[in-house]
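First up is the structure itself, then whatever we jot down about it.
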Amino acid sequence: MRILIVEDEKSLADIIKKGLEEEGYAVDVAYDGENGLFMAENEPSDIIILDIMLPIVDGITILKSIRKAGIKTPVLMLTAKDAVMDKVSGLDSGADDYLIKPFHFEELLARMRALLRRASEVKSSVIEIGDLVIDTASHQVRRSGGPILLSSKEYALLEYMAVNRDKVLNRTALTEHLYDQNFDLDSNVIDVFINRIRNKIDRGSKQKLIHTLRGAGYMLKG
């Protein structure tokens, strides 16, 4: 999954970025509202973490602009403690949730997972596709009851495909949701990861879950 952080407090933004990357997310960061608005409008994201108090362009203005442009990406607003009107303004402007600073990183992760479920057809933290079980909270994967060990990027790719089960996902879409804006979209890394995951998920099983649609992309289907 790819996350956009718009936060002018650089130390906080960098801490969140590092934590999310350790969880397997691809992360873009903007340290002011102007760059944040540009990235929100032009770079694909699965969630936007948006501070309200930003230089140049404030968070509420960014939120109103992207909603007016038809961008439905879930937005998690960051607000100061006891800033009730900020919460009200954010929610009224199209925010999906808010988090009060300071906050625990685990709460941020939990709220992000909830927003991702809300935005997809998956409503549980545990995704089941045939005998494949993916726990999005613990990042544990099992098939036929047996554990499957995946790298952080392999897990992130599998989870994204699971959230979008039964949908054909082309290489560009998969790359954009796995890596930040600096990654080379012409790389064949997705094919490499798909082969690795397929060897771990499908090897020895009669029912194949990862399907290749020649010229179109890949699909996870049970």
Output the residue which, of all residues in segment 16-35 that are part of a helix (DSSP H, G or I) and more than 17 Å from the chain's Cα centre (by Cα), is farthest from M85 (Cα to Cα).
-> N35
Within segment 53-78, restricting attention to residues that are of a type in the set (G, A, S) and outside any helix (DSSP H, G or I), which residue is nearest to G36 (Cα to Cα)?
-> A69
Picking from M53, M77, M85, which residue would you name as being outside the structural domain of E176 (by TED's automatic domain parsing) and under 20 Å from L116 (Cα atoms)?
-> M77
May I ask you to verify whether I47 is crowded, with 19+ Cβ neighbours inside 10 Å and either in the same structural domain as Q207 (by TED's automatic domain parsing) or of a type in the set (F, W, Y) (or both)?
-> no
Could you tell me which residue of segment 95-135 is surrounded by the most Cβ atoms within 10 Å (Cβ to Cβ), considering only residues that are outside any helix (DSSP H, G or I) and aromatic (F, W, Y)?
-> Y98
Test: Y155 is within 21 Å of the chain's Cα centre (by Cα), surrounded by 14 or more Cβ atoms within 10 Å (Cβ to Cβ) and closer than 16 Å to P44 by Cβ = no
Pull up segment 73-96, narrow it to residues that are free of Cβ contacts under 8 Å to residues at least 24 places away in the same chain and more than 18 Å from A13 (Cα to Cα), then point me to the one that is nearest to the chain's Cα centre (by Cα).
-> D96
Determine whether S65 is small (G, A, S), surrounded by fewer than 21 Cβ atoms within 10 Å (Cβ to Cβ) and either farther than 18 Å from L99 by Cβ or under 13 Å from the mean Cα position of the chain (by Cα) (or both).
-> yes
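The values are calculated or read from the model by the stated rules, or taken from the named source; none is laboratory data. Because the structure is a prediction, the values reported are computed rather than measured. Cβ coordinates were reconstructed from backbone atoms using ideal geometry, including for glycine residues, and neighbour counts include every protein chain displayed.
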